[in-house]
1. Taking the condition of being touching a strand residue (DSSP E or B) at 6+ places or on another chain (Cβ under 6 Å) and of a type in the set (Asp, Glu), how many residues in the stretch 106-162 meet it?
2. Could you count how many residues in the stretch 75-131 are of a type in the set (Lys, Arg) and at pLDDT below 65?
3. List pairs: first residue in the stretch 8-24 and of a type in the set (Asp, Glu), second residue part of a helix (DSSP H, G or I) and at pLDDT below 85 anywhere in the structure, Cβ distance under 9 angstrom, at least six positions apart or on different chains.
4. Could you list all residues from the stretch 17-63 that are modelled with pLDDT of 85 or more and touching a Pro at 6+ places or on another chain (Cβ under 8 Å)?
Amino acid sequence: MNNSVGNAGRLLGAGLRALLVLTVVLGVLYPLAVTGLAQLAFPGRANGSEVKDASGQVVGSELIGQRYDLPLKDGQETPSPDLKWFQPRPSNGLGANSVNTQYKIILSGATNRSGDNADLIKWVTDAKAAVVKDNSTAGYTVRPSDVPADAVTSSGSGLDPHISPAYAKLQVHRIAERNGLTVAQVEQLVADHTDGRILGFVGEPRVNVLQLNLALKNLVAAKG
């Protein structure tokens with residue numbers, strides 16, 4: 001009996017010591033070491049790929065999309081887009097009743113609806129009509145056939161921070177008109193912020209909307 005109690009005590013003591021050592025090594029030392037190495041080697045990525053404005057204030061992450069809307073009015077369920085800014089992809093990746101309708105990062109995902117789903121067809125049809133209306137100006141008419149796919153569909157995660165160069169260029173005339181700029185100035189802005197394929201062949205050319213809008217803000221400020 002005494003031997004059994006003694007063995008049990010020794011096993012319990014060994015288990016507690018192992019728990020303490022592993023907690024310190026894996027729960028404290030290892031995370032600190034990984035965090036320290038990440039801060040030394042990749043500080044920007046380790047801190048969330050933060051994007052700062054001209055004053056040094058963090059305004060977002062280059063990895064997470066965000067919206068540019070007017071303040072919500074009484075009776076509105078969703079705010080209207082602020083058309084002086086470049087607009088991102090639709091953010092209703094999980095549907096109209098999702099927590100992700102406004103680029104919230106609590107949840108991400110696609111609609112998982114088929115191409116013939118009635119709700120999806122309506123979302124795309126309504127979005128295309130809005131893109132045509134919002135981006136047509138007195139001297140520039142957008143045709144439905146001009147609207148690229150990313151202008152009317154959300155990404156697989158619903159959080160994509162990029163748009164295609166085609167969608168950015170479609171917005172150029174509206175941006176120029178709303179901000180008192182020339183079309184050439186805004187076209188150059190888009191060209192300067194268009195990233196090519198990774199390593200020259202991976203992915204597609206893309207434009208980061210947050211960084212483009214920050215550059216637009218600086219251009220407007222310099223003009224005024």
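1. As a first pass, look at the stretch 106-162 and keep what is touching a strand residue (DSSP E or B) at 6+ places or on another chain (Cβ under 6 Å): 150, 161-162.
With of a type in the set (Asp, Glu) added as a condition, the list becomes 150.
So the answer is 1.
2. Filtering the stretch 75-131 down to residues of a type in the set (Lys, Arg) leaves 84, 89, 104, 113, 122, 128.
Those left that are additionally at pLDDT below 65: 104.
So the answer is 1.
3. none
4. GLU62, LEU63
The values are calculated or read from the model by the stated rules, or taken from the named source; none is laboratory data. The structure presented is a predicted model; accordingly, all values stated were derived computationally and were not measured. Here Cβ is always computed from backbone atoms with ideal geometry, including for glycine, and neighbour counts include all displayed protein chains.
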